[in-house]
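Data block below; observations after.
The values are calculated or read from the model by the stated rules, or taken from the named source; none is laboratory data. Only a predicted model underlies this, so the values are computations on that prediction, with no experimental measurement involved. Every residue, glycine among them, receives a Cβ derived from its backbone with ideal geometry; neighbour counts consider all protein chains shown. Heads up: the accessible areas ignore ligands, DNA and RNA and are worked out on the full protein's heavy atoms, side chains in. Shrake-Rupley method; radii C 1.70, N 1.55, O 1.52, S 1.80 Å.
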Amino acid sequence: MSPDVRLIVILDPAALGDRAVEAARAAEAGGATILQLRMKDSAGGDMLRWTERLVAALRIPVWVNDRADVAWLAGAAGIHLGADDLPPDRVRARAPRPLAIGVSVGTPDEAARARSHHVDYWSLGSVFATGSKPDAGAAIGVKGFAALAARAPAGMPLVAIGGITAERASEVCRAGARGVAVIRAVLGAPDVERAARAIRDAVDAAVPAG
């Protein structure tokens, strides 16, 4: 069964401090369907502790960015891998329990490599310019998103990432996205739950049910 990718909220506790769990719960209340933990510069032990806290605090699936070992140990539902991370098929083959896998795709070459692996979703972007992810590369735009989407296997859930807002969520969903991944548009908002609800509503209105 494919993961529910309608609204992936990406959280870095370093940016939120003591508010991190509270913000994650607010995002869940607003309609987030996955919470992805992204701690690029943190030690594995810190990531493990945060993942375990979030798994215990939330009802929605918690995913871990990059670190398959942390995902396994903490009981996370999935792992998101970048183009330069571990090969998805090797991660899946050696996982001690079922672990969903998503991958980042930002170029035609990355799309070609992604097609050779069995994964659960593709995250395409950065669609729009973003300050939340310095290594995101140049924005590909909605046309670039659609071009990469056309290279995906039939039925692959596609997620748009990078500069997504409620208004832009409708646009990328019309271009083929089944969901969106956000950081600042939700976690940087004064009212996290309300911001998440606005984006989730936009996705639900644009993506056919089922």
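Odds and ends about this structure:
- Additional length obtainable on full extension of the chain from A138 to R97, 0.36 nm per residue less Cα span: 11.1 nm
- In the chain, the DSSP-assigned H stretches of four residues or longer account for a calculated mean residue ellipticity at 222 nm of -11500 deg cm²/dmol, using -39500 (n - 2.57) per stretch and the full residue count as denominator.
- GNM result for the chain, Cα springs below 10 Å: residue of G162, G141, G125 fluctuating most strongly: G141
- In this structure region 117-210 gives 47 Å² per residue of accessible area when probed at 1.4 Å with all protein chains present.
- Size descriptor for the chain, Kirkwood hydrodynamic radius: 16.8 Å (Cα pairs only, one decimal).
- Atom-type composition of the exposed protein surface of region 36-190 places 52 percent of the accessible area on carbon and sulfur (1.4 angstrom probe).
- Packing-based ranking of 32-45, 175-188, 91-104 yields 175-188, 32-45, 91-104, ordered from highest to lowest mean Cβ neighbour count within 10 Å.
- For region 17-28, backbone phi angles converted through the Karplus equation (6.51, -1.76, 1.60; θ = phi - 60°) give residue-by-residue couplings of x, 5, 7, 4, 5, 4, 5, 4, 5, 5, 4, 4 Hz, Gly and Pro being listed as x.
- Between R19 and D85, the distance separating the two model label sites (each 7 Å from Cα on the Cα→Cβ line) works out to 2.6 nm.
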